[in-house]
Every structure is written in structure tokens, then in C-alpha cells.
């Protein structure tokens, strides 16, 4: 960084782009790739468990939900279909009650249903992961099973970093940049988007209340070209951010391993059920 | 440009951004405003020429059009005549200019003279016009050869001397070794009256190549705000020195086209004023 301009090193910019890409890509080996597979395996599991109870059987789960071939919502005496995501949430929430009912008809299905809460990542209790330059922890938005199929991790650096972007540097004659400090880096995954987003927050204090205020965000459709511009925009903080992103990557791998372990179990269940379904078809 | 990176100067980046801003926002807005006025002045003109022929006089122009008090379309089955829009009237005035002027001349030579002048107000007449500038020439293309078609024109700036064509993302990207050196062959400015901003393209051709066909290297799109101009100026930064000259030159070239429109508009306004004056005198006489 010099007085009358900025020197951008090919290598450093490349390193920063790679560090961002390793966190936010959805290719094989990334956390996002495992998350996508995990969510699909969960949704597959649901289709294997249906029908829950034999035809014409209807069992009230609570005032809102009814168990029949699928889990439906009870509204003014009528049963409405629920999207798969919601059905899984209900299965997780009322796992024991539903399993008790189903065990009368199919003990194997009941056993799997009892296992469902263990697939809910909000219950894993990995806690805070202490890393080299900061700590990583899971952030919950909604206190529902599977967190509405969102997965967010917050990296809090031990030392706050001055936030300066390239656009601020290059147009500094216009107005002096306001000094912001990076307080949180967030990994934000939602299963309907292809890639996760990365958010940068500063921590603001107002009336002794601390809150995170968003200062930069990549979108969930990042292409190669937009990733190039992200690395360029964040370039003035490259040295420190490369350290932070590497740290995040290390912490994220702990979650990735846990997802992979549970995914193995889900895939085993799905494979077993798939095999049983094929056998049944052959028998017919 | 250095071996292992690039130095981006505040001033040069800013100068490039300003040059882009001038042609894609300021120059575009002023051309747009001028053309609005020009088209309005054009649309007023037929009103002043009415009636083209005295009452009950009719001259067929084609199987579709007939000249009477104004130009009307003829229904092919029953011969009923219909009024047409000013835009269509212009197209007919343009296509049958001599026939209409000859017919009108018998009754009003002043009107006939104006009708003969109408094709000179058509921007499509400038197709393939070239304006020589300091570092290159600006060539004007229209998409249609029909008179008074929508103002949808391209202006290609072709530099006299080619210079290196490199984008920042290519320079800083990993694939730099695979990058084939190219030179700027032209910069295209696409003006379309239906849009609120122009499209800007940069074309390149392989260095030391005998190829005559160039290809699009960069497109800045049609939507501009401060952030977009910043991004464009950054991406085009490795060519900043050359592009600042080109965009300034283009600005001068665009001014020349503006002057052409202004000259034609001046003539249109003069015609309108003379006619209004004559009308007022005629009313007083009555």
C-alpha cells in the first residue's frame, strides 16, 4: 500500500482468492458439498419412511400435526400436506411419540425415527473451537430442529482487524473512510442455494449493548468472476484475512468430519431401505 | 505493470473512471435529451405541412397509401382511407419523397421544398459516416436502412495504432500464462433510444496476427452507477492510459454527432417558426 496508490501482488491476491474459495466453494471435499449431500440424504430418508402408518390410520401427534401416510398439518379438522423439510422437523421434535406409534406396525422404521434427533446438527454440542487467531462456533438463528435447514458458523478473531476495502482506498479523495473493525466472519449455508455466503460484521456497542453489524457480504451465487472481485475488494486486508480464513477452514473441518460421520450412517440406512424396497418389488 | 503485480494509482484510476462516466452517463444523457427534442420537432413538422393537397384532391402513392389533405393508408379491399401515425407518415414521406413533393409543388412550392428536405433529417442517412479524430476514427452504423427507424445506432471507435489489450482479472488471474497477448482493435458505443444508458464493448485482436476478425474482450453492460463505474475502471485499469485517450476522443466524436443533430434541429425549428409566422399573418389577413 503506498501513498499515491496500491500495489496488488499477483501471488497475494491469488492466495486470498484461494482462501475464500476453499471456504465458500461447493465442490467435492468442501463443507458445502457434504452439507448438500447430508440434506439430500435426510430428505431421502423421509421418503423411505413413508407411509408411516397403514392406509386410513390417522393418529394425532399434538393439536397441530397428524400422522398418516405422511405427517400432515391439522387445521380446522382438515389435514394439509407439509413440505418435506417441515415433516423432518416434526419427526425430530416428536421422535419418541411418533416412534411409539409406528413400532406397532414397523419396528425397523420406528428404530430409525428414534435415531433422527441425532442427525440434528443443532444438538451436536461441538461448542466453541479455539483456533490460532480466533474461535469458531455454531450460530443459531431459529431454535427449531435442523435450524430451518440453515447452517451458520461464526468466527470471532481474538484481535479485531481494521476493515479497509480497495474501493475505499482508491476513492479516498471522495470522503475519508470511516474506521470499522472486523469483529465476526460468518459462514452462512442454506440448502436451496448453490454456494454458501460469507459475511463480515463489525461489533457495535450502543448503550452497553453489543451487536453485530454487517459490513460486507458475498452472495450465494458467487461465480469465478465475482470471487475475483471479492478478493480484490478485500485485498488491503489480505495478510490477516488469509490467516483468518485458514483458521476458519481448520475449524470447519471439525464440523465437516461430524457431518461425514453422520452422513455415513444416513447413507447406510438409505441403502438398507433401498435394498429392502427392491426386494419387495421383486417379490411382488 | 510489474512482473509480480500491478500498481494501481489513485489518480489514474480516477481519471479513467471520469472518462468512462463522461461518455456513459453525462454524454449519453445530453444526447438523449437532444434527441428527445429533435424527435418532437420532427413529429411537429407534418402538422405544419397540412393540408398537403387542397380539398377533394387525391394522388395515389402506392396500393397502400394515398396523398390528400394528409397521407392516408388505403384499405386494400374496400378502398376506405385511414389516418396513419406521424411515425408512419414520416416513413412514407421519406420513401415517396420526390412523388409527394412533385404533387404538392403544383399547389404550394414552399411546402414542396420542405418535403424534399425531409430525408436530410434522417439519422439513417449517416450510415457508415466516419469522423477522423486525434487517435482514431469514429464510424457510425445503423441497424436499419429504413428512414427514421428507431434511434438504435452503434459508433465504433477504431484506433489508428493498436495497443495492448489486457484486463485486470486476466492479469491478476491464475491463467496469466495461458493468456494470449491481444491488442485493442475497436471500442463500440451502442446507443439505443429505448434504453437509459449505452452499452460499451471493447474488441481485441491477437497480436501480430494476420486475422481480420476481432472478438469481444469486455462488455460493460448497460447499467451504470458509481459502483459499476468503479468496477469497470478497475477491470480496464491495465489499459488506462490508452483508454483515457480513446474515451476523450470518442467524447469529441460524439459531440460532432450532437452538432449534426443540433444543425438539423436548428433548420427544423426555423421551418416551424416560418410556418407559424405565416399562419399568424394569414389569420390577421382574414
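The values are calculated or read from the model by the stated rules, or taken from the named source; none is laboratory data. Every value quoted in this text rests on a predicted model; they were computed, and no experiment measured them. Positions of Cβ are generated from backbone atoms using ideal geometry, with glycine treated the same way; all protein chains shown enter the neighbour counts.
Structure data summary
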read-out	value
Output for the range B:40-53, where each listed residue is loosely packed, with under 15 Cβ neighbours inside 10 Å and either within 14 Å of chain A (Cβ to nearest Cβ) or touching a strand residue (DSSP E or B) at 6+ places or on another chain (Cβ under 8 Å) (or both)	none
The range B:191-213, subset surrounded by fewer than 18 Cβ atoms within 10 Å (Cβ to Cβ) and touching a residue at least 24 places away in the same chain (Cβ under 8 Å), residue nearest to residue B:21 (Cα to Cα)	B:196
Wholly within the range B:128-241, strands (runs of 3 or more DSSP E) carrying at least 1 residues that are within 14 Å of chain A (Cβ to nearest Cβ) and more than 21 Å from residue B:259 (Cβ to Cβ)	B:215-219
Condition check for residue B:245: away from every other protein chain (no Cβ under 14 Å), out of contact with any helix residue (DSSP H, G or I) (no Cβ under 7 Å at 6 or more places or on another chain), surrounded by fewer than 18 Cβ atoms within 10 Å (Cβ to Cβ) and assigned to a helix (DSSP H, G or I)	yes
Matching residues in the range A:151-167 - criterion: being farther than 15 Å from residue A:216 by Cα and buried (at least 16 other Cβ atoms within 10 Å of the Cβ)	A:151, A:152, A:153, A:156, A:157
Single match in A:82, A:91, A:76 (criterion: in contact (Cβ under 8 Å) with a residue 24 or more places away in the chain and either touching a helix residue (DSSP H, G or I) at 6+ places or on another chain (Cβ under 8 Å) or over 18 Å from residue A:144 (Cα atoms) (or both))	A:91
Selection from the range A:131-147 of residues that are surrounded by 15 or more Cβ atoms within 10 Å (Cβ to Cβ) and closer than 30 Å to residue A:70 by Cα	A:144, A:145, A:146, A:147
Considering residues of the range A:1-32 that are within 14 Å of chain B (Cβ to nearest Cβ) and in a loop (DSSP other than H, G, I, E, B) only, the residue surrounded by the most Cβ atoms within 10 Å (Cβ to Cβ)	A:1
Residue match in the range A:122-130 (condition: under 30 Å from residue A:244 (Cβ atoms), touching a strand residue (DSSP E or B) at 6+ places or on another chain (Cβ under 6 Å) and surrounded by fewer than 16 Cβ atoms within 10 Å (Cβ to Cβ))	yes
Whichever residue in the range B:1-39 is within 9 Å of chain A (Cβ to nearest Cβ) and assigned to a helix (DSSP H, G or I) and, among such residues, is surrounded by the fewest Cβ atoms within 10 Å (Cβ to Cβ)	B:11
In the range A:33-73, the residues that are touching a residue at least 40 places away in the same chain (Cβ under 8 Å), buried (at least 17 other Cβ atoms within 10 Å of the Cβ) and in a loop (DSSP other than H, G, I, E, B)	A:52, A:53
Residue identified as within 30 Å of residue A:84 (Cα to Cα) and at pLDDT 90 or above among A:219, A:147	A:147
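To keep it simple, each residue is scored yes or no on (1) in a loop (DSSP other than H, G, I, E, B); (2) more than 28 Å from residue A:90 (Cα to Cα); (3) modelled with pLDDT of 90 or more; (4) in contact with a helix residue (DSSP H, G or I) (Cβ under 7 Å, 6 or more places away or on another chain).
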| site | (1), (2), (3), (4) |
| --- | --- |
| A:116 | no, no, yes, yes |
| A:155 | no, yes, yes, yes |
| A:178 | yes, yes, no, no |
| A:198 | no, yes, yes, yes |
| A:202 | no, yes, yes, no |
